[in-house]
Structures are given as structure tokens and as C-alpha cells.
Amino acid sequence: MHKLPFKSILATSLLVAGCATTTGWTPTVDTYNDPNAFRLNQDMQECEQLASQSASTLKDTAKGAAVGGLIGAAGGAAIGAVVGNPGTG
């Protein structure tokens, strides 16, 4: 049986964890003796907005990294082909 290297397992589990969603979760807030407790709903909406923006930014970053990797691999192979060894490029 072939054992998977630890780094491969770690990378796979991080990618899977990055795709998880946290819908339906709300933090527990103790507003006792808080003079700004009336702002709780506004703060929660702002927090949700920031979280959704960071999620879309993360997706854009992942797409950009994938495209950059493909362009880099293709460019390396093209340069390697010009000098005579595409595998080295």
C-alpha cells in the first residue's frame, strides 16, 4: 500500500477546509452593562458584509493563483522548448 506524504494530506485538508461555509452561525453577545448595546444589529450586519467580501476575495485569489500557475508552467515549457528541453523549462 502506498502511503501519502504528510504534506499532500495537509494541503488537501486545508483546501477542503477552505471550502467550508459557516452559514447559520451567529456569535453569542453579552450586552449587559454595555452603553452601545443598541448598535448590535448594525454591527452584526457590518460583520456579515465584511465576511462576504473576504470570501469573494479569497475565491478571486485562488482563481488568480491557479491561472498564474498555468501561465507560469506554459511559459516555462515554451522557454524550455526554445532552448531545446521543454521539461527543464
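The values are calculated or read from the model by the stated rules, or taken from the named source; none is laboratory data. Keep in mind it's a predicted model, so treat the numbers as computed, not measured. Quick reminder, even Gly has a Cβ in these numbers, built from the backbone with ideal geometry, and neighbours come from all protein chains shown. Keep in mind that these areas ignore ligands, DNA and RNA; they rest on the heavy atoms of the full protein, side chains included. Shrake-Rupley method; radii C 1.70, N 1.55, O 1.52, S 1.80 Å.
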Quiz item: For residues in the stretch 68-89 being open to solvent by 80 Å² or more (accessible area, probe 1.4 Å) and of a type outside the set (S, T, N, Q), which is nearest to T26 (Cα to Cα)?
Solution: L70
Quiz item: So which pairs qualify, if the first residue must be in the stretch 68-81 and on the phi < 0 side of the Ramachandran plot, the second must be open to solvent by 60 Å² or more (accessible area, probe 1.4 Å), the Cβ gap must be under 7 Å, and the two must be at least 6 apart or on different chains?
Solution: A77/P86; G80/P86; G80/G87; G80/T88
Practice problem: Examine the stretch 12-28 for a residue that is modelled with pLDDT of 85 or more and open to solvent by less than 70 Å² (accessible area, probe 1.4 Å), and state whether such a residue exists. | Solution: no
Exercise. Output the number of residues of the stretch 51-79 satisfying the condition of being under 22 Å from L14 (Cα atoms) and of a type in the set (A, V, I, L, M, F, W, C).
Key: 8
Quiz item: When you look at A37, is it touching a Gly at 6+ places or on another chain (Cβ under 9 Å) and surrounded by 10 or more Cβ atoms within 10 Å (Cβ to Cβ), yes or no?
Solution: no
